[in-house]
Amino acid sequence: MMIRIAVLTIKLYAPWVHSLKEKRMVVKSLLSKIRNKFQVSAAEVADQDIHQSIIIGIAAIVPHNAQADHVMDEVISFVEQTTEAEIIAEEREIR
C-alpha cells in the first residue's frame, strides 16, 4: 500500500488587519479550527511580518489521490466559510 501526502498552501488577504497582534489572533484561531475539524497539520508558512497577508500550509496523510483531493476541497470550503479573509491563491500537491 502506498501512502500519499496531500499538501495545500492557501494565501489569504485580510484588509481589516492593521497589526501583527491582530493578525496572530486571526491566524491562531483559523489554524486551530482547521486542525480540529480535519485532523491535519497546519501552520503559517510565510509572510509572518506582513499584516494583511496570511499564508498557511496544510498537510494530510491519505491513502489515495481521490482522498487527497477530497480533503483539500473540504479545507478550502471550510476556510471560505470560516474567515472573512479572501482566498487569493491556492496551491495543491500530492506527494
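The values are calculated or read from the model by the stated rules, or taken from the named source; none is laboratory data. These numbers were taken from a predicted model, which means no experiment stands behind them. Glycine gets a Cβ as well: all are built from the backbone with ideal geometry, and neighbour counts include every protein chain shown. Side chains are part of the model used for accessible areas, which takes the heavy atoms of the whole protein and leaves out ligands, DNA and RNA. Shrake-Rupley method; radii C 1.70, N 1.55, O 1.52, S 1.80 Å.
Worth pointing out:
- Filter result for Leu12 (at negative phi and without any contact (Cβ under 8 Å) to a residue 60 or more places away in the chain): no
- Filter result (farther than 19 Å from Met72 by Cα and either in contact with a Gly (Cβ under 7 Å, 6 or more places away or on another chain) or of a type outside the set (Lys, Arg) (or both)) within the stretch 14-28: Ala14, Pro15, Trp16, Val17, His18, Ser19, Leu20, Glu22, Met25, Val26
- Which listed residue is surrounded by 13 or more Cβ atoms within 10 Å (Cβ to Cβ), without any contact (Cβ under 8 Å) to a residue 40 or more places away in the chain and under 15 Å from the mean Cα position of the chain (by Cα), from Ala68, Ala42, Ala59: Ala42
- Looking across the stretch 1-39, the residues that are open to solvent by 30 Å² or more (accessible area, probe 1.4 Å), of a type outside the set (Ser, Thr, Tyr), outside any loop (DSSP other than H, G, I, E, B) and closer than 17 Å to Glu84 by Cβ come down to Lys11, Glu22, Arg24, Met25, Val26, Lys28, Lys33.
- Output for the stretch 47-56, where each listed residue is modelled with pLDDT under 90 and open to solvent by less than 50 Å² (accessible area, probe 1.4 Å): Asp47
- When residues in the stretch 73-89 are screened for being outside any helix (DSSP H, G or I), open to solvent by 80 Å² or more (accessible area, probe 1.4 Å) and not β-branched (Val, Ile, Thr), 2 of them pass.
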